[in-house]
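Data first, discussion second: the structure below is written as structure tokens.
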């Protein structure tokens, strides 16, 4: 049987990689991709705890389902915003969208 | 609009090159894992787990580090399908199926679509920001904290339990009915919001008529 720690370590590594991407990338869509990685790590964590520690109620698995759903909504909405920004400014680079920067 | 989309042949080339790179990098790991399996150092489920974890981590690194954004998006697909495999290993088929349908199908297509409509053709190769070392440091600290916490904690030897479709559906639609309805409303609002946001307004159409470009 696979130890529970394996899954938790995998999710931690995935989260850290996604975090790096969010901070290091400059293209808005690549930042979105990195956020997806972080969310995948979180979902693995949820399902792991649901399967190993809470096999009767498995609330974590339900929460993972909600995480996936909200992530899908988020991607749709964020892409709409990115397309809008691209049409207005001809760029999807977040460093150049700095009108509100003080 | 159409001339901005990459040709299918380009995608073929990307996929073939990606497969070659993945094969070259993956074969040594596969050999090592097979050796461990044959020497009975790891069990069969663990073998599958490490194989899947390799795909997930390699895809994630590709999605974060590759300079070509289309390559990064394709690496993300590998990661998300690998995560679906992880859910299968966690004995939760339903989440795995949802992962394949929503992420493997919907989200990646949406992301590729977004890449094509913004800058895939004009500048497919992007450079990352100057905050890379800072980002690396923060990511290492956060990952290290999580890993230390996981290693430090002791949950004992737990046995995973299979979550059946029936039990999952009963729990979801009986105990979590209101959250499901709220999620439905959220999806509705988000998708109509995305449409209204990305749509070209009538004024913009009149002000900037754009040749053969399709009205979105």
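Read-outs: derived from the displayed coordinates by stated rules, not from any lab. Not measured: the values here are computed from a predicted model. Neighbour counts run over all protein chains shown; Cβ positions are idealised from the backbone, glycine included.
Once you sort the root eigenvalues of the Cα gyration tensor of segment B:75-184 as a ≥ b ≥ c, which label holds: rounded (a/c under 1.5), prolate (a/b larger than b/c) or oblate (the other case)?
Here segment B:75-184 falls in the oblate category.
Taking every residue in B:135-146, how many Cβ atoms of other protein chains lie within 10 Å of its Cβ, on average?
Going residue by residue through B:135-146 and averaging, the value is 5.
How would segment A:4-92 be classified by its alpha-carbon gyration tensor: rounded, prolate or oblate, with rounded meaning a/c under 1.5 and the a/b versus b/c comparison settling the rest?
Here segment A:4-92 falls in the oblate category.
How many partner chain Cβ atoms sit within 10 Å of a residue's Cβ in peptide A:86-92, on average, as a whole number?
4
What is the helix-to-structure angle for A:4-24, meaning the angle in degrees between its Cα long axis and the longest Cα principal axis of chain A, kept from 0 to 90 and rounded to the nearest 10?
Orientation of helix A:4-24: about 10 degrees from the principal axis.
Treat the count of other C-beta atoms within 10 Å as a stand-in for reagent exposure and order B:166, B:118, B:54 from fewest to most.
Going from least to most buried by this count: B:166, B:54, B:118.
Mind checking which of A:64, A:72, A:12 has the largest fluctuation in a GNM of chain A, springs on alpha carbons under 10 Å?
Result for chain A, Cα springs under 10 Å: A:72 fluctuates most.
For a quick protection proxy, order the peptides A:65-71, A:5-11 by their average other-Cβ count within 10 Å, most packed first.
With the highest mean Cβ count within 10 Å placed first, the list reads A:5-11, A:65-71.
Rounded, prolate or oblate, given the Cα gyration tensor of the protein assembly as shown, with a/c below 1.5 counting as rounded?
Prolate.
If you take each beta carbon of peptide B:152-165 and count the beta carbons of other chains within 10 angstrom, what is the mean?
For peptide B:152-165, the averaged partner shielding equals 4.
Please sort B:183-191, B:138-146 by packing, taking for each peptide the average over its residues of neighbouring beta carbons within 10 angstrom, highest first.
B:138-146, B:183-191
Using alpha-carbon positions, what is the distance between the centroids of segment A:56-102 and segment A:26-48, in Å?
Cα centres, segment A:56-102 to segment A:26-48: 11 Å.
In nm, what is the difference between 0.36 nm times the number of residues separating residue B:199 and residue B:149 and their Cα-Cα distance?
Value of the extension gain: 13.4 nm.
Per-residue ellipticity at 222 nm for the protein assembly as shown, helices alone: DSSP H runs ≥ 4 residues times -39500 (n - 2.57), over residue total, nearest 500 deg cm²/dmol?
It lands at -24000 deg cm²/dmol.
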